[in-house]
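**Q** I'd like to ask some things about the structure below.
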Amino acid sequence: MFSDDDPRLSRLLEGIVRLASGDLSSRIEVSPARDDLDAIIMGTNLLAEDLQIIYEELEQRVQVRTQMLHEAHLKMQAMAMQDPLTRLANRSALLEALRSAIDAEAPDDEAPVLLLMDLDGFKTINDSLGHSAGDQVLVTVGERIRRAVRTSDVVARLGGDEFAIVMPAASPDQADIVAHRILAEVGEPIEVPGRSIRCGASIGLSIGGSGQSPEDMLMEADVAMYASKAEGQNRLHRFEPGLLLVRRLRSQLVEDLRGAIRNSGLELAYQPVVELATGRIEGVEALVRWHHPERGIIMPDEFIPVAEEAGLISELGLWVLHAAVHQLRDWQAESVVDSRFSVRINISATDLQSLQFIEDVREVLKETGVLPSQVVLELTEAAIVRGNELDRYSLGGLRGLGVGLEIDDFGTGYSSISYLRRLPVDRVKVDRSLLVGLGDDPTQPALVAAVLQLVRACGLEAVWEGVETAEQAGMLRELGCLSAQGYYFSRPVPPEQVPEVLASLAERASQ
Ligand code: C2E
Ligand code: CA
Ligand code: CA
């Protein structure tokens, strides 16, 4: 037996306290006595041993788990910084790279450079060849940019067909060289299943200055990129403060135009189309004008491209369609014109690609009771050729409605004869550039005759626009041309002047 003051008792107590406090490796000394108290001590040590093993195992498991969690977290972070399609950096990664480039002190005459690139015509590729071909183009473009830059440069895809490149430190000249190299690489043909395509690009360039944020640089590169786009394909533009003003004016113009379409700020002018042999007026072409409250009258060549870019062209086209066909109905009701008289309406490529447009035409005909044959839609060659796949267009549907279809600006585009034959159109309107010189240039009548022959060989008729003199009108008549339009007959006039113009033309014809 042991006594109350046996020193082993206090050792046991201290040992248990140590174990309880977490020191699982501590053990209590066993005495040589090997009595009951020693048995308790040995039991306690065994328990401590078990506890220690269990604890260590647990700890190991927790460590493995923690490691796994950590790795998963890193992976997620990497994914959050990566564009899944091209495996290039994404917007957040780009901004981070820009920030560290700005924070690192660049050597003299070098600075962080940001290039922002947007593909030209990518939407058409995507729409006409399908999304998987579109994806393939994006991946290829990404690879080519990577090839054109240093490994230390960061290449990102910001979404859609927009790419960005950060060069941590470069001189303006170096930046120029790299940007042009990228344009050249990207402009090479790209193979997608079944065909090879070319895709241009526009680049905006921003050079970091002191106190600039990554967002500032991105905004500048964006403004410069739009300036490149406005200049045409495969351009590079460096940011300059003047561009900000251009952008502001442009967005103001877009807002004003939106308002004008919705709140009757637009007007139509009408220009007669005359049958040359008889002088009869076949109809009028509707030409849109914008009455700007401060800038006065703005001509379509200036605002149609704005409407197209800002996505307002369908809305504008619908307004023109309504206004022109309703006007024709009114003239007919007032007996200003008869049911052989037609109105010609210019339509955009966007309208041509939308099935809704066919419905809109059907609707306005029903609403007004105007005959389908009294409406002629003028479409430019460029609008049709752009997408290549004829079937994608609503030409057939429009044809089915019975409205007339006419190719506008003929002779300025790409039409081949075989192509022209396939189009469901009745007439072409020969661009006025083909009449320039008719009257002074002795070779010109031969050219006009050749064009006329070509058009007729395709089973079509031609309208000649831009007739400015009596002499030109006379020559066209002699050559056997059917109808014509131009300042010689009348300038485009507001609707209230149309009855007067028609009357005076009829008078002229009868003389
Ligand atoms: P366009 O369809 O080729 O229209 C003919 C243009 O030539 C008109 O200019 C007209 O005023 C002008 N013109 C007519 N006769 C003569 C002439 O004898 N000599 C000369 N030098 N010019 C003449 P405008 O009205 O400025 O229209 C320009 C273009 O804007 C049009 O070319 C057309 O492509 C587009 N446009 C006009 N209205 C609309 C519209 O409602 N919708 C769409 N999408 N485009 C329109
Ligand atoms: Ca036209
Ligand atoms: Ca034209």
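**Q** Out of all the residues in region 427-470, which are out of contact with any Phe, Trp or Tyr (no Cβ under 9 Å at 6 or more places or on another chain), within 15 Å of ligand 1 (Cβ to nearest atom) and part of a helix (DSSP H, G or I)?
**A** SER433
**Q** Just to be sure before I move on: is ASP301 farther than 22 Å from ARG399 by Cα and within 16 Å of ligand 3 (Cβ to nearest atom) in the structure I sent?
**A** In short, yes.
**Q** Counting only residues that are farther than 17 Å from ARG280 by Cα and not in a loop (DSSP other than H, G, I, E, B), which one in region 471-500 is farthest from ligand 3 (Cβ to nearest atom)?
**A** GLU496
**Q** So, in region 279-301, exactly how many residues are away from ligand 2 (no atom under 16 Å from the Cβ) and in a helix (DSSP H, G or I)?
**A** Taking region 279-301 and keeping what is away from ligand 2 (no atom under 16 Å from the Cβ), we get 279-281, 290-298.
Going one step further and asking which of them are in a helix (DSSP H, G or I), we end up with none.
The total comes to 0.
**Q** If you take just the strands (runs of 3 or more DSSP E) that sit entirely in region 162-236, which of them hold at least 1 residues that are polar (S, T, N, Q)?
**A** Those strands (runs of 3 or more DSSP E) span 195-197, 201-207.
**Q** Of the conditions (1) within 36 Å of the chain's Cα centre (by Cα); (2) within 16 Å of ligand 1 (Cβ to nearest atom); (3) in a helix (DSSP H, G or I), LEU420 fails just one. Which one is it?
**A** The single condition LEU420 does not satisfy is (2).
**Q** Residues in region 355-391 that are at pLDDT below 80, touching a helix residue (DSSP H, G or I) at 6+ places or on another chain (Cβ under 7 Å) and open to solvent by 30 Å² or more (accessible area, probe 1.4 Å): how many?
**A** 3
**Q** Now a separate question. Say whether the condition of being outside the structural domain of LEU138 (by TED's automatic domain parsing) and part of a helix (DSSP H, G or I) is met by at least one residue in region 22-35.
**A** Taking region 22-35 and keeping what is outside the structural domain of LEU138 (by TED's automatic domain parsing), we get 22-35.
Now narrow it down to the ones that are part of a helix (DSSP H, G or I): none.
Within region 22-35 (the criterion being outside the structural domain of LEU138 (by TED's automatic domain parsing) and part of a helix (DSSP H, G or I)), the answer is no, since none of the residues qualifies.
**Q** I've got another one for you. For region 435-449, state whether one or more residues are closer than 18 Å to ASN346 by Cα, open to solvent by 60 Å² or more (accessible area, probe 1.4 Å) and either within 15 Å of ligand 2 (Cβ to nearest atom) or not small (Gly, Ala, Ser) (or both).
**A** No, region 435-449 contains no residue that is closer than 18 Å to ASN346 by Cα, open to solvent by 60 Å² or more (accessible area, probe 1.4 Å) and either within 15 Å of ligand 2 (Cβ to nearest atom) or not small (Gly, Ala, Ser) (or both).
**Q** Any residue at all in region 107-114 that is surrounded by 15 or more Cβ atoms within 10 Å (Cβ to Cβ) and part of a helix (DSSP H, G or I)? I'd like the intermediate steps shown before the answer.
**A** Filtering region 107-114 down to residues surrounded by 15 or more Cβ atoms within 10 Å (Cβ to Cβ) leaves 110-114.
Keeping just the survivors that are part of a helix (DSSP H, G or I) gives none.
Within region 107-114 (the criterion being surrounded by 15 or more Cβ atoms within 10 Å (Cβ to Cβ) and part of a helix (DSSP H, G or I)), the answer is no, since none of the residues qualifies.
**Q** Let me ask something else. Can you run down the residue pairs with Cβ atoms below 7 Å, 6 or more apart or on separate chains, where the first is in region 424-451 and more than 15 Å from ALA473 (Cα to Cα) and the partner is in a helix (DSSP H, G or I) and more than 13 Å from ligand 1 (Cβ to nearest atom)?
**A** Pairs found: PRO424/LEU395; PRO424/GLY396; PRO424/ARG399; VAL428/VAL455.
**Q** If I ask for residues that are of a type in the set (A, V, I, L, M) and not in a strand (DSSP E or B), which ones from region 237-278 would you list?
**A** Of everything in region 237-278, those that are of a type in the set (A, V, I, L, M) and not in a strand (DSSP E or B) turn out to be LEU243, LEU244, LEU245, VAL246, LEU249, LEU253, VAL254, LEU257, ALA260, ILE261, LEU276, ALA277.
**Q** Do we find that VAL155 is in a strand (DSSP E or B), open to solvent by less than 20 Å² (accessible area, probe 1.4 Å) and in contact (Cβ under 8 Å) with a residue 60 or more places away in the chain in this structure?
**A** In short, yes.
**Q** Would you tally the residues in region 344-376 being within 16 Å of ligand 3 (Cβ to nearest atom), closer than 24 Å to VAL498 by Cβ and not polar (S, T, N, Q)?
**A** 4
**Q** Would you confirm, using the coordinates I've provided, whether VAL337 is in the same structural domain as GLY486 (by TED's automatic domain parsing), in a loop (DSSP other than H, G, I, E, B), away from ligand 2 (no atom under 16 Å from the Cβ) and crowded, with 16+ Cβ neighbours inside 10 Å?
**A** It is true that VAL337 is in the same structural domain as GLY486 (by TED's automatic domain parsing), in a loop (DSSP other than H, G, I, E, B), away from ligand 2 (no atom under 16 Å from the Cβ) and crowded, with 16+ Cβ neighbours inside 10 Å.
**Q** Looking at region 46-58, I want the residues that are without any contact (Cβ under 8 Å) to a residue 60 or more places away in the chain and have a partner that is in a helix (DSSP H, G or I) with Cβ atoms under 7 Å, at least 6 apart or on another chain. Which pairs are those?
**A** ALA48/LEU19
**Q** Which of the numbered conditions does VAL343 fail, given that it passes all the others? Conditions: (1) in a helix (DSSP H, G or I); (2) open to solvent by less than 60 Å² (accessible area, probe 1.4 Å); (3) at pLDDT 85 or above.
**A** Of the numbered conditions (1) in a helix (DSSP H, G or I); (2) open to solvent by less than 60 Å² (accessible area, probe 1.4 Å); (3) at pLDDT 85 or above, the odd one out for VAL343 is (1).
**Q** Out of ALA221, ALA230, which single residue is free of Cβ contacts under 8 Å to residues at least 12 places away in the same chain and among the aliphatic types (A, V, I, L, M)?
**A** It is ALA230.
The values are calculated or read from the model by the stated rules, or taken from the named source; none is laboratory data. Model, not experiment: these values are computed from the prediction. Positions of Cβ are generated from backbone atoms using ideal geometry, with glycine treated the same way; all protein chains shown enter the neighbour counts. Only protein heavy atoms, including side chains, enter the accessible area calculation; ligands, DNA and RNA are left aside. Shrake-Rupley method; radii C 1.70, N 1.55, O 1.52, S 1.80 Å.
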